[in-house]
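S.K.: First, the structure itself, so that you have it in front of you.
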Amino acid sequence: DAFVRPALNQSQQASGGAFVRVLARAYAEHDERLRKFLSENYGHVLREFALVFARFLPHLDKEELYWRLDIIAGAVTYAMADFGIIKRRASTSEDAHRKQAIGHLVAFAAAGLKAPAT
């Protein structure tokens, strides 16, 4: 939840929209300069999460944990950019839709992290 919720909430803020576009561009265009910039300026956040997750997931070696975190980060970025096939219904508020997306993504990420090592 701490990995997913703040990211999706930030993506709904006016300032968050620009950052989401930068992330989406970095993933979609394979821009090495942009990826390097993001890694140098924001990589420490992922490393801090990895340290905490490693304590709770001793069955995963470092490489496996990083694979899983990379996949989850991609899913979070995808959700932040609102690329998903599940679109918000007109009868559902943006806030309610985002909360639903967060719930599904947290459950997905938790299951992926807790799965047996491959």
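The values are calculated or read from the model by the stated rules, or taken from the named source; none is laboratory data. No experiment lies behind these values; they were computed from the predicted model shown. Methodologically, a virtual Cβ is constructed for each residue, glycine included, from the backbone with ideal geometry; neighbour enumeration extends over all protein chains shown. We work out accessible area using only protein heavy atoms, side chains counted, and drop any ligands, DNA or RNA first. Shrake-Rupley method; radii C 1.70, N 1.55, O 1.52, S 1.80 Å.
S.K.: Pick from the stretch 63-103 the residues that are touching a helix residue (DSSP H, G or I) at 6+ places or on another chain (Cβ under 7 Å) and farther than 20 Å from Leu23 by Cβ: which of them is surrounded by the fewest Cβ atoms within 10 Å (Cβ to Cβ)?
M.R.: Of everything passing the filter in the stretch 63-103, Arg88 is surrounded by the fewest Cβ atoms within 10 Å (Cβ to Cβ).
S.K.: Given the criteria open to solvent by 40 Å² or more (accessible area, probe 1.4 Å) and either in contact with a Gly (Cβ under 7 Å, 6 or more places away or on another chain) or in contact (Cβ under 8 Å) with a residue 60 or more places away in the chain (or both), does Gln10 qualify?
M.R.: The answer is yes for Gln10.
S.K.: For the stretch 33-48, how many residues meet the condition of being among the hydrophobic types (A, V, I, L, M, F, W, C) and over 15 Å from Ile72 (Cβ atoms)?
M.R.: Residues meeting the conditions: 3.
S.K.: Which one is surrounded by the fewest Cβ atoms within 10 Å (Cβ to Cβ) among residues in the stretch 21-62 that are basic (Lys, Arg) and under 17 Å from Gly112 (Cα atoms)?
M.R.: By that ranking, first place goes to Arg55.
S.K.: Is it the case, given these coordinates, that Ala75 is touching a residue at least 40 places away in the same chain (Cβ under 8 Å) and under 16 Å from the mean Cα position of the chain (by Cα)?
M.R.: So Ala75 does not fit the description; no.
S.K.: Of all residues in the stretch 104-114, how many are in contact (Cβ under 8 Å) with a residue 24 or more places away in the chain and surrounded by 13 or more Cβ atoms within 10 Å (Cβ to Cβ)?
M.R.: Counting residues in the stretch 104-114 that are in contact (Cβ under 8 Å) with a residue 24 or more places away in the chain and surrounded by 13 or more Cβ atoms within 10 Å (Cβ to Cβ) gives 6.
S.K.: Which residues, counting only those in the stretch 104-118, are hydrophobic (A, V, I, L, M, F, W, C) and either farther than 21 Å from Ala50 by Cα or part of a loop (DSSP other than H, G, I, E, B) (or both)?
M.R.: Here is the first cut: in the stretch 104-118, the residues hydrophobic (A, V, I, L, M, F, W, C) are 105-111, 113, 115, 117.
Selection gives Ala115, Ala117.
S.K.: How many residues does the stretch 79-103 contain that are hydrophobic (A, V, I, L, M, F, W, C), without any contact (Cβ under 8 Å) to a residue 60 or more places away in the chain and not in a helix (DSSP H, G or I)? Give the steps one after another, and end with the answer.
M.R.: To start, the set of residues in the stretch 79-103 that are hydrophobic (A, V, I, L, M, F, W, C) comprises 79-81, 83, 85-86, 90, 96, 101-102.
From what is left, the residues that are without any contact (Cβ under 8 Å) to a residue 60 or more places away in the chain are 83, 85-86, 90, 96.
Filter once more, so that each one left must be not in a helix (DSSP H, G or I): 83, 85-86, 90.
Of the residues in that region, 4 qualify.
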